[in-house]
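> Structure below; questions to follow.
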Amino acid sequence: MPLKNFIKENFVLVVGLALPVLLVIGFLAASILPQSNAVPPQYEMLFTTTRYDQASSTPYNAEFLVKHGRLVARVWKNRPNTGSYAKKLMAYNGKTQSVREITYDLSKIGDVADYTEVSLEELSALHVNNATTSPDGYVFETAGYHGGWPITEIFGGGYHDRRARLVKGSAVFKLPENNGSLYNYYDTQFLGWVVPPQAEPAHEQ
Amino acid sequence: MSNREDALQEIAALARHNNITLEEIATALAAPAPGKPPASLMSKLFAYFGGILVFAGICVFIGMQWDSMGKAAHVVITLGTGFVLFLMALATLTDERFVRAATPLFLASSLFEPTGILVMLKEYGHGGDERYGFLFMSLIMLIQHGTALIARGRTVLAFTAITFGAIFFATLFSLLEISPNLAGTVFGASLLCIAYALTNSRHAAIAAFWYLVGSLSLLLSVFDAVRHTPYEVAYLGISAFMIFLSTLARSRTLLLVSTGSMLCYIGYFTEEHFAHTLGWPVSLIICGLALLGMGSLAMRLNNKYIKKG
């Protein structure tokens, strides 16, 4: 049989050609197949991302934190006619694999001193567990710049952006891009998981 | 003892060692001595020089006109030029008079064509991860050069086919987010196997380059994986195994890289564990002794198993 003879005569070459193919097949078998059987994250994940506003449209700026299983905003006054970094509150739904923005209105809080913690009406219905690991075992990993290694960088396998994701063992659910935003570690802050009222926080901030 | 006597003794020793008879020596001496370099060398030099000039001229022209050209012109000037150069290279192989122009033409086309494919994807694509573009480009080039290699059997095509294969798999590993150390180890081992197969083929001229790339990839990845782990000392064993492989493959490149890696590891280990206890002077002496020992071992291995092989 010609193929059998070819393999016999060029065994080392065949091994050399087969090794990367086997790695790809093995990787697919070990990671993508279990992924298809994995149960997607059952709890919405809350996080903030930062955007720069040229001229602040609201009188206050805010950062979010979890207190007693509720999301509260720590607010401070914006300087008039100057730009500022504002937090966008986002929720990732693992079942639909989509990210939505939760809008809030800081103009309704009235006149409060800087760094006052306020409860916003829009967030009052959210019960939040701020444990690093979700009740169903998922962990949030922000996006980042991930390197290859010296030799394959020469051949094009170098540094690249790695999307933010929820990870549980070999199951990985990547967050979709939002207008080119990958939710990098420097502009993304994890807040917690939206849980039913009876499964409230494991840890308090 | 004069140089003449030395030379005679060396000839006698070589003849005894290689079982060469007096008649064979006489026949070899009777053959005309190669006085001047063969004419083919000059024509080959001119072919390479001409290829470089053509390539540089096209690059300068493209650079000068780039901003005034449209999307289609960008693609035609890069991809079109590359494809035409590839066809010309194939055409030169059919005529003995132009066959020496094939290698520079293949090399020039290997730069223009992939650039052209990437330009096409940039001009007509819809954005996204550029690695998919690299994957597409390298696959197309791999198929083109792989089939040309099977049909024509030229060493330059073997080189370009392996290069595009390496780009394809490096990009694929990156897209699949396979651990860089695992990918580098497999990539290196694969290239070493391919280089070994090249050594025993008519493409032996390019084996040394792929031994270099493969061994560096394998050793760097393994070191990165085992560094600061209980298995770190196993790296020494892998370096020793690579030295053994170099004698098996009769590759000086592999011997050089593996000996170098062992020396680097000894230096690293000494700096890490002994520099603060024995002090730098003693550590330097240990490194120096290792250098002397490894150098001597490498020379002996080269003379015994590689040079005379």
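Values in this text are rule-based calculations from the coordinates and carry no lab data. Note that the structure is a prediction, hence the values are computed from the model and not measured. Glycine also receives a Cβ, built like all others from the backbone with ideal geometry; neighbour counts cover every protein chain displayed.
> Just checking the output field for B:194-204: average partner chain Cβ neighbours within 10 Å of each residue's Cβ?
The mean count of partner-chain Cβ atoms within 10 Å per residue comes to 3.
> Considering every residue in B:178-185, what mean count of other chain Cβ atoms within 10 Å of its Cβ is obtained?
The shielding value for this peptide is 5.
> Under 14 Å from the Cα of residue A:168, which aspartates and glutamates turn up, not counting those fewer than eight places away in the same chain?
The qualifying aspartates and glutamates are A:136, A:141.
> Also: Going through the cross-link list A:174/B:122; B:44/B:304; A:67/A:88, which pairs have a Cα-Cα distance over 29 Å in this structure?
Violating the 29 Å Cα-Cα cut-off are B:44/B:304.
> Among the chymotrypsin sites (Phe, Trp or Tyr not before Pro) in the range B:222-309, which ones are in a DSSP loop with at most 12 other Cβ atoms within 10 Å of the Cβ? Mind listing them?
Sparse-neighbourhood loop chymotrypsin sites (Phe, Trp or Tyr not before Pro): B:231.
> Label chain B by shape, choosing from rounded, prolate and oblate, from the square roots a ≥ b ≥ c of the eigenvalues of the Cα gyration tensor; if a/c is under 1.5 it is rounded, and otherwise prolate applies when a/b is larger than b/c, oblate when it is not.
Taking the square roots of the gyration eigenvalues as a ≥ b ≥ c, chain B is oblate.
> Here is a further query. Within a 10 angstrom radius of the beta carbon, how do A:175, B:291 rank from fewest other beta carbons to most?
Ranking A:175, B:291 by Cβ neighbours within 10 Å, fewest first, gives B:291, A:175.
> Using a Gaussian network for chain B with springs between C-alpha atoms less than 10 Å apart, which of these wobbles most: B:119, B:257, B:282?
B:282
> Please list B:206-218, A:116-128 highest first by mean number of surrounding beta-carbon atoms within 10 Å per residue.
Top to bottom by mean Cβ count within 10 Å: B:206-218, A:116-128.
> So which residue, out of B:134, B:49, B:187, gets the largest mean-square fluctuation from a GNM of chain B using Cα contacts under 10 Å as springs?
B:49
> Let me ask another. Distance from the Cα centre of the range A:66-91 to that of the range B:228-292, in angstrom?
One Cα centre to the other: 55 Å.
> Note down, for the range B:224-309, the three equivalent ellipsoid semi-axes (square root of 5 times each alpha carbon gyration tensor eigenvalue), biggest first, whole angstrom.
The answer is 26, 16, 7 Å, longest axis first.
> Put one equal scatterer on each alpha carbon of the range B:87-160, apply the Debye formula with no solvent term, and list log10 I(q)/I(0) at q = 0.14, 0.16, 0.21 1/Å to two decimals.
For the requested q values the scattering log ratios are -0.49, -0.61, -0.88.
> Just to confirm my numbers, what's the Cα centroid distance between the range B:59-79 and the range A:5-20 in Å?
Taking the Cα centre of the range A:5-20 as reference, the centre of the range B:59-79 is 42 Å away.
> With a/c under 1.5 counting as rounded, go ahead and sort the range A:42-126 into rounded, prolate or oblate using the C-alpha gyration tensor (a ≥ b ≥ c being the square roots of the eigenvalues; past the cut-off, prolate if a/b is larger than b/c, else oblate).
oblate
> Which of B:200, B:18, B:181 moves the most in a Gaussian network model of chain B with Cα springs under 10 Å?
Maximum fluctuation in the GNM of chain B, among the listed residues, is at B:18.
> What percentages make up the Cα-Cα pair-distance distribution of the protein assembly as shown when the bins are 20 Å wide from 0?
Calculated P(r), rounded to whole percents: 16, 36, 33, 12, 3, 0.
> Just counting partner chain Cβ atoms within 10 Å, what average do the residues of peptide B:215-221 show around their Cβ?
Average neighbour count from other chains, rounded to a whole number: 3.
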